[in-house]
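The values are calculated or read from the model by the stated rules, or taken from the named source; none is laboratory data. Quick caveat, the model's predicted, so the values are computed rather than measured. Virtual Cβ from ideal backbone geometry, glycine too; neighbours counted across all protein chains shown. Please note that ligands, DNA and RNA were not included when accessible areas were found on the heavy atoms of the full protein model with its side chains. Shrake-Rupley method; radii C 1.70, N 1.55, O 1.52, S 1.80 Å.
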Amino acid sequence: MSETAQRLARAHSAEGVAFSVLVAISFSHLLNDMMQSLLPALYPMLKSSYALSFVQIGVLTFTYQLTASLLQPVVGSYTDRKPRPYSLAVGMGFTLCGLLLLGLASNYPLLLAAAALVGTGSSVFHPESSRVARMASGGQHGLAQSVFQVGGNLGSSVGPLLAAFIVLPHGQRSVAWFAGAALLGIFVLSQVGHWYKHHGMQRLARLAKRGTAAGESHAHPPRAIRGAIAVLLALIFSKYFYLASLTSYYTFYLINHFGVSVKAAQLYLFVFLGAVALGTIVGGPLGDRFGRKYIIWASILGVLPFTLLLPHVSLFWTALLTVPIGMILASAFPAIVVYAQELMPGRTGTIAGLFFGFAFGMGGVGAAVLGALADHTSIEFVYQVCAFLPALGLLAGLLPNVERVHAR
């Protein structure tokens, strides 16, 4: 075991929160999602360079999201049965290959292949890193998920800045320069893999045993669990369909509707993605403190007034409204993942793979559908339609109260 992994083990041999492990996995998430966010940040440049339609932009996102979404539940289910501590580093290797191809691609089919490789890396990384976060949580599952997920949100928010100040001035080939970040991620995840192999599994087993003793296992009948999972997936649909309208088409909306420059549009996108990161870090601890069901309900339904206003205001108010929209929407996801893991204890990887995969899939389907809608109507009409999606948050009222069952 390497010296770095030994320090992790010595520092966190107790049952408390393994913060250095959480920081390592969050930092890796930052690197992973920073590299992946380069793809949508490049859309305006790729659209003009390759004369792409909005449908082709949507298909590019759909290809990336499809490989990420379909494989994630498979990876999570497999590693629930046969843990693979070093699979995280392998997943980062796929992202490295996709990034290099994205920088060197000379036609649309190669762009699709690069998007598929990046998506495959994501499909391995997310369910396994979510498992590591739970291993390192010390029982504070919401906090651990928030720390892990905020790394990804920070990485996603940095992507547009990198595109604005590095990729746009230097061209598509400069994307390959970020291979160094992927190599750094492989190194860090190898150290996390050492900790996972020698200490993480024992911690997770003890937490699972403690949860079973506390009455968490089989607290709800299977039919109620299936219904709750269906409601959670519907909420993920509303959240990520709406987020797809912003992450994929917000820059186009600003350019077309307000006439801002491409560089300025990337900066506005950075503001929105920064708000998403802030909402993510807040959502998990609030769920630990007040109950995850109420955070889920408030975070999705509570964004509705802001989304309804967004298509009808000036540039200043558009930029301002995206801040509460990003914060409130993002606060739901850590609570949703942990809530589902508590409904089905012992299926950590499967649940993480299902929800991360479904989230990616809905983002991809949303990008393709909304791209086609924008081509046939207008980008402004897309935001008028999507404004009503958060109303699905009313479904959160059907969720059982997990915390009450655990207390009983």
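Based solely on its DSSP helices, what 222 nm [θ] is calculated for the chain when runs of n ≥ 4 H residues each add -39,500 (n - 2.57) and the sum is averaged over all residues, nearest 500 deg cm²/dmol?
-26500 deg cm²/dmol
Where does helix 108-135 land angle-wise versus the long Cα axis of the chain, in degrees 0 to 90, nearest 10?
The helix 108-135 is inclined about 30 degrees to the chain.
If I take every Cα pair under 8 Å that is 6 or more residues apart in the chain, average their sequence separation and divide by the length, what percent do I get for the relative contact order?
28 percent
With the cut-off at 1.5 for a/c, could you classify the chain from its C-alpha gyration tensor as rounded, prolate or oblate?
Oblate is the answer for the chain, as a/c is 1.5 or above yet b/c matches or exceeds a/b.
Taking K239 as the anchor, which lysines have their alpha carbon closer than 21 Å to its alpha carbon, excluding any fewer than eight residues away along the same chain?
Partners within reach: K293.
Give a residue-ordered list of calculated ³J(HN,Hα) values for segment 318-326 (Karplus: 6.51 cos²θ - 1.76 cosθ + 1.60, θ = phi - 60°; whole Hz; x for Gly, Pro).
For segment 318-326, the Karplus-derived couplings read 4, 4, 5, 5, 5, 5, x, 4, x Hz, x marking Gly and Pro.
Whole number please: convex hull volume per residue of the Cα set in segment 65-191, in Å³?
Cα convex hull per residue, to the nearest whole number: 105 Å³.
Compute the FRET efficiency between I225 and Y294 as 1/(1 + (r/R0)^6), taking r as their Cβ-Cβ distance and R0 = 22 Å, and round to the nearest 0.05.
Working from the Cβ atoms, E equals 0.65.
May I ask for the distance between the Cα centers of segment 121-150 and segment 32-68, given as a whole number of Å?
Each part reduced to its Cα centre gives a spacing of 26 Å.
Expressed in nm², what is the orientationally averaged projection area of the convex hull enclosing the Cα positions of segment 49-120?
4.9 nm²
On the protein heavy atoms, probe 1.4 angstrom, tell me the percent of accessible surface of the chain carried by carbon and sulfur.
About 69 percent, which is the carbon plus sulfur part of the accessible surface.
Looking only at L304, L315, L42, which one moves most when the chain is put into a Gaussian network model with springs between Cα atoms under 10 Å?
Highest fluctuation among the options: L315.
For D80, what accessible area in Å² do you get when you roll a 1.4 Å probe over the heavy atoms of the protein chains, rounding to the nearest 10?
Near enough 40 Å² of accessible area.
Send over a whole-number figure in Å² for the accessible area per residue of the chain, probe 1.4 Å.
I get 37 Å² per residue for the chain.
In the Gaussian network model of the chain, springs joining C-alpha atoms below 10 Å, which of A396, A230, A114 carries the largest mean-square fluctuation?
A230
What is the local net charge at S53, summed over the other residues whose Cβ is closer than 15 Å to its Cβ (Lys, Arg +1; Asp, Glu -1)?
Charge balance near S53 sits at 0.
For F19 paired with S314, estimate the spin-label separation in nm (one decimal), with each label point 7 Å from Cα along the Cα-to-Cβ line.
4.4 nm
Which order do L189, L233 take by accessible area at a 1.4 Å probe, largest first?
Reading off the accessible areas and sorting them downward yields L233, L189.
Given Cβ point charges of +1 (Lys, Arg) and -1 (Asp, Glu) and nothing else, what value in debye, to the nearest 20, does the dipole of the chain about its Cα centre take?
Here the size comes out at about 1060 debye.
In segment 312-329, which residues have a backbone nitrogen under 19 Å from the label point lying 7 Å from K47's Cα in the Cα-to-Cβ direction?
312, 315, 318-319
Can you run phi through the Karplus equation (6.51, -1.76, 1.60; θ = phi - 60°) for segment 80-90 and list ³J(HN,Hα) in whole Hz, with x for Gly and Pro?
4, 8, 9, x, 10, x, 9, 5, 4, 5, 5
Using the Karplus curve 6.51 cos²θ - 1.76 cosθ + 1.60 with θ = phi - 60°, what ³J(HN,Hα) values do you get for each residue of segment 341-358, in whole Hz, with x for Gly and Pro?
Working through the residues one at a time gives 5, 6, 5, 10, x, x, 10, 4, x, 4, 5, 4, x, 4, 7, 5, x, 5 Hz.
Would you grab the residues whose amide H sits under 5 Å from the one on S331? Only those 5+ places off in sequence or on another chain, please, with H modelled 1.01 Å from N.
Hits under the 5 Å cutoff: none.
Considering just Cα atoms, how many Å³ per residue does the convex hull of segment 300-392 enclose?
94 Å³
Using only Cα atoms, find the angle between the long axis of helix 201-213 and the longest principal axis of the chain, and express it within 0 to 90 degrees, rounded to the nearest 10.
In the chain, helix 201-213 runs at an angle near 70 degrees to the longest axis.
Over every pair of different alpha-carbon atoms in segment 43-87, take the mean of 1/r and invert it; report that Kirkwood radius in Å.
12.7 Å
Compute the convex hull volume of the Cα atoms of segment 332-379, divide it by the residue count, and report the result per residue in Å³ as a whole number.
Cα-based convex hull of segment 332-379, divided per residue, equals 68 Å³.
Scan around G138 for amide H atoms under 5 Å from its own, H built in the peptide plane at 1.01 Å from N, and keep only partners 5 or more places away or cross-chain.
Residues meeting the amide H criterion: A18.
What number, in percent, do you get for the relative contact order of segment 22-163 if the mean sequence gap of Cα pairs under 8 Å and at least 6 apart is divided by its residue count?
This gives 46 percent for segment 22-163.
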